[in-house]
Amino acid sequence: YGIFKQRFDEQGKQVETPDYWLSNEEPWGHVDYGRDQRVNFGGKVVEENGKRVWKPDWAVRAVPVDYMVPGYNSGRVNTLRLWTSKSYDEFDLLTFNKSEYLDAVKPQVEAENISKILYPEDSTPQGKALRLEQQYFFVAASIHDAIRVFYPGQDKPDLTTFPSKINFQLNDTHPVIGIPELMRVLMDEYGYDWNTAWGITTKTFNYTCHTLLPEALEVWPAKLIGELLPRHLEIIQGISEQFRNELRSKGVSEDQVERMRIATDADENGEGAVVRMAYLATYGGSYVNGVAELHSELLKDVTLKDFSSVYPDKFKNVTNGVTPRRFVRLSNPRMSALITEGLGTDAWQGDLELLEGLKPLADDPSFVKKFAKVKQENKLAFVDFAKHKYGFEINPDTMFNTIVKRLHEYKRQSMKILQVISTYAGIKNGTIDVDKMLPRTVFFGAKSAPGYAMAKLTIQLINNVARVVNNDPACKGKLAVFFPENYNIELAMNLIPATDLDEQISQAGKEASGTGNMKFALNGALTVGTLDGANVEIRERVGAENFFLFGMTVDEVEKLYAEGYDHGGSRKYYESDPRLKTAVDMVADGTFSNGDKSVYEPLVNDWLTHDYFMAMADFSSYMDIQAQIEETYRDPMKWARMAVLNVANSGYFSSDRSIEDYLDRIWHTGALPTAE
């Protein structure tokens with residue numbers, strides 16, 4: 001199963017249903033039972049002949065499922081190896097024959113649960129345990145498999161050469177348990193001493209941090225690690241103590257040493273001790289990289305400031321990228337054909353920087369008209385797709401305004417829906433001249449984490465605003481809101497090429513990078529956004545005049561926090577902007593909840609008393625830039641020219657370039673030549 005499939009109920013609430021991504025047998029995955037790996041859990045650690053020996057309680061069988069992934073024009077095929085968990089216990093026929101059917105299959109069910117759903121919900125103790133089991137299952141199977149692959153048939157391989165053969169890129173903190181696992185394998189299974197094992201391990205791992213939010217920097221209760229992986233907890237504690245001593249030897253103050261602890265101490269009741277996985281990853285690998293220039297700077301200056309002050313050379317930047325084959329060529333064949341026509345070659349699909357050759361064509365009216373025609377054709381195609389897929393009736397002769405991303409308060413979908421409500425209020429109270437207003441269709445796409453109450457309430461609000469607006473005759477042909485459920489790649493590949501205006505409106509300093517912004521820019525959408533994540537680099541490359549900027553900077557955000565903004569500071573913005581006050585009041589008075597004022601009370605209270613991500617503070621600037629956007633859109637040739645320049649200047653944001661940066665800055669190796 002995937003994480004979940006999203007549905008909306010009659011009240012507009014998100015409902016999570018199973019995502020049967022393997023519901024139909026498919027021929028591409030090759031199950032190879034002969035290359036399985038044993039993954040152990042639980043038990044205790046004992047002393048035997050002067051060595052620490054793990055005596056696990058139970059084990060599962062990790063079975064590889066291989067997918068062949070061909071490279072683009074490289075003549076090479078790589079293996080994507082996934083893992084599925086199976087039980088070593090056979091079906092208990094004796095128990096089954098006693099009519100104890102569930103007990104007969106219990107061991108199999110418990111083993112298979114580990115890989116049943118990616119990132120199981122972890123709001124309960126059982127969920128936390130299952131998630132840690134899953135994280136360890138994947139990394140343990142992969143590390144053992146890597147040794148088997150790179151040292152075939154060798155009982156006593158020379159693993160000091162391991163870092164020259166393989167590099168593990170820790171993609172966020174979820175696989176960081178791999179650091180103590182490799183240490184355990186090297187010491188307990190292959191007999192290396194601590195220092196040798198540590199030298200191999202730190203040269204093997206690198207860490208990509210994908211967040212700036214403190215709650216996303218994963219920590220695990222030491223007690224839970226000790227119950228599931230007792231030997232690993234010992235190793236982590238050893239790493240933590242070694243780290244503290246190393247810091248002291250460098251003259252780091254005791255206060256800073258304590259702040260940087262990987263494993264914290266328990267309280268007098270034996271509770272509260274945690275392992276900070278981001279800290280373990282930072283110390284246990286060669287490099288740490290952010291995924292956009294601003295993000296990498298904030299990692300060094302804020303999130304991991306203590307670490308960068310001691311180990312400045314560890315920190316690198318690799319700005320994210322997207323694959324042009326899927327997100328341009330495959331998603332947008334009409335525009336791809338026009339690009340190839342304009343450049344006189346299709347080589348741009350493998351070298352996206354060639355898009356710069358389109359710059360002179362931005363001043364060619366015939367090319368700009370063709371570009372605008374392609375966009376309109378894409379909009380018509382999406383109208384047809386959405387009608388058949390969702391039953392939506394969409395007016396193609398409107399601005400297509402899109403905000404698609406995970407639902408989180410820092411991404412500020414709430415600010416967007418308040419702008420929609422403000423526009424709706426203007427239509428209803430006559431402050432907006434309906435005959436002169438720019439027709440706009442707003443698309444939302446977002447999933448909330450199952451346990452994230454504020455995000456789920458925001459989804460409910462968006463759906464009910466859509467219900468009210470779309471059923472009001474006063475808005476017909478002028479304003480519409482659509483929220484297709486279960487946003488996924490299929491929807492993205494149809495919606496992105498059709499979008500006129502993309503919204504990247506997260507609070508400055510909170511988004512690591514984003515890749516949706518790159519996909520939209522490469523497909524000829526203009527961006528309205530803050531100076532956050534990769535928006536900064538997109539704006540630098542496409543030109544400030546071709547990007548709609550609004551909102552506070554990181555420094556201005558920090559200044560407001562220092563003034564106590566998140567303790568009631570938002571109310572003055574609500575009181576001073578009639579557009580915002582009207583919109584918030586409509587949410588509060590039950591306009592979008594059939595008169596029930598209690599439904600959105602948590603949202604309204606948060607906006608007016610806390611508003612940690614400052615949607616209220618940025619709202620006025622946001623509304624002002626929307627007016628500028630509408631004025632620009634009324635000049636179709638100007639808009640299309642700006643869109644051409646966005647495409648022409650976005651070649652940097654290719655995943656090919658991103659991987660080349662990893663090769664050069666992190667892995668210190670070269671790409672393989674194209675196979676003959």
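Per-structure values
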{"quantity": "Segment 205-217, residues that are within 12 Å of residue 279 (Cα to Cα) and touching a Lys or Arg at 6+ places or on another chain (Cβ under 8 Å)", "calculated": "217"}
{"quantity": "Single match in 624, 606, 618, 611 (criterion: in a loop (DSSP other than H, G, I, E, B), acidic (Asp, Glu) and in the same structural domain as residue 472 (by TED's automatic domain parsing))", "calculated": "611"}
{"quantity": "Selected residue (only one of 480, 508 is more than 19 Å from residue 293 (Cα to Cα), of a type in the set (Gly, Ala, Ser) and not assigned by TED's automatic domain parsing to the domain that holds residue 215)", "calculated": "480"}
{"quantity": "Condition check for residue 548: in contact with a strand residue (DSSP E or B) (Cβ under 9 Å, 6 or more places away or on another chain) and at pLDDT 95 or above", "calculated": "yes"}
{"quantity": "Hits in segment 335-347 (condition: under 14 Å from residue 647 (Cα atoms) and not polar (S, T, N, Q))", "calculated": "335, 337, 338, 339, 342, 343"}
{"quantity": "Lone qualifier among 155, 172 - being over 33 Å from the mean Cα position of the chain (by Cα), at pLDDT below 95 and not basic (Lys, Arg)", "calculated": "155"}
{"quantity": "Some residue of segment 216-231 being closer than 19 Å to residue 168 by Cβ and either more than 21 Å from the chain's Cα centre (by Cα) or not assigned by TED's automatic domain parsing to the domain that holds residue 171 (or both)", "calculated": "yes"}
{"quantity": "Residue in segment 148-163 that is surrounded by the fewest Cβ atoms within 10 Å (Cβ to Cβ), counting only those that are under 24 Å from residue 288 (Cα atoms) and either touching a residue at least 12 places away in the same chain (Cβ under 8 Å) or of a type in the set (Gly, Ala, Ser) (or both)", "calculated": "160"}
{"quantity": "Test: residue in segment 31-41 that is under 21 Å from residue 108 (Cβ atoms), β-branched (Val, Ile, Thr) and at pLDDT below 95", "calculated": "yes"}
{"quantity": "Test set (1) assigned to a strand (DSSP E or B); (2) within 24 Å of the chain's Cα centre (by Cα); (3) at pLDDT below 95 - residue 80 fails condition number", "calculated": "(3)"}
{"quantity": "Conditions (1) out of contact with any Lys or Arg (no Cβ under 9 Å at 6 or more places or on another chain); (2) among the acidic types (Asp, Glu); (3) in contact (Cβ under 8 Å) with a residue 12 or more places away in the chain: number failed by residue 271", "calculated": "(1)"}
{"quantity": "Residue count for segment 107-162, restricted to those that are of a type in the set (Lys, Arg), farther than 25 Å from residue 201 by Cβ and outside any helix (DSSP H, G or I)", "calculated": "1"}
{"quantity": "Residue under evaluation residue 261, criteria (1) of a type outside the set (Ser, Thr, Tyr); (2) in a helix (DSSP H, G or I); (3) crowded, with 17+ Cβ neighbours inside 10 Å; (4) over 23 Å from the mean Cα position of the chain (by Cα), criterion not met", "calculated": "(2)"}
{"quantity": "In segment 576-592, residue nearest to residue 616 (Cα to Cα) [restricted to those that are touching a helix residue (DSSP H, G or I) at 6+ places or on another chain (Cβ under 9 Å) and part of a loop (DSSP other than H, G, I, E, B)]", "calculated": "577"}
{"quantity": "Single residue of segment 548-575 satisfying the filter (touching a residue at least 40 places away in the same chain (Cβ under 8 Å) and either in a loop (DSSP other than H, G, I, E, B) or not assigned by TED's automatic domain parsing to the domain that holds residue 516 (or both)) that is surrounded by the fewest Cβ atoms within 10 Å (Cβ to Cβ)", "calculated": "553"}
{"quantity": "Whichever residue in segment 16-57 is over 20 Å from residue 81 (Cα atoms) and of a type in the set (Lys, Arg) and, among such residues, is surrounded by the fewest Cβ atoms within 10 Å (Cβ to Cβ)", "calculated": "51"}
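Matching residues to (1) touching a residue at least 40 places away in the same chain (Cβ under 8 Å); (2) in contact with a Pro (Cβ under 7 Å, 6 or more places away or on another chain); (3) assigned by TED's automatic domain parsing to the domain that holds residue 640:
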residue	(1), (2), (3)
342	no, no, yes
347	no, no, yes
352	yes, yes, yes
362	yes, no, yes
366	no, no, yes
371	yes, no, yes
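The values are calculated or read from the model by the stated rules, or taken from the named source; none is laboratory data. The model shown is predicted, which means the values in this text are computed figures rather than measured ones. As a convention, Cβ positions derive from the backbone with ideal geometry for all residues, glycine included, and neighbour counts pool all protein chains shown.
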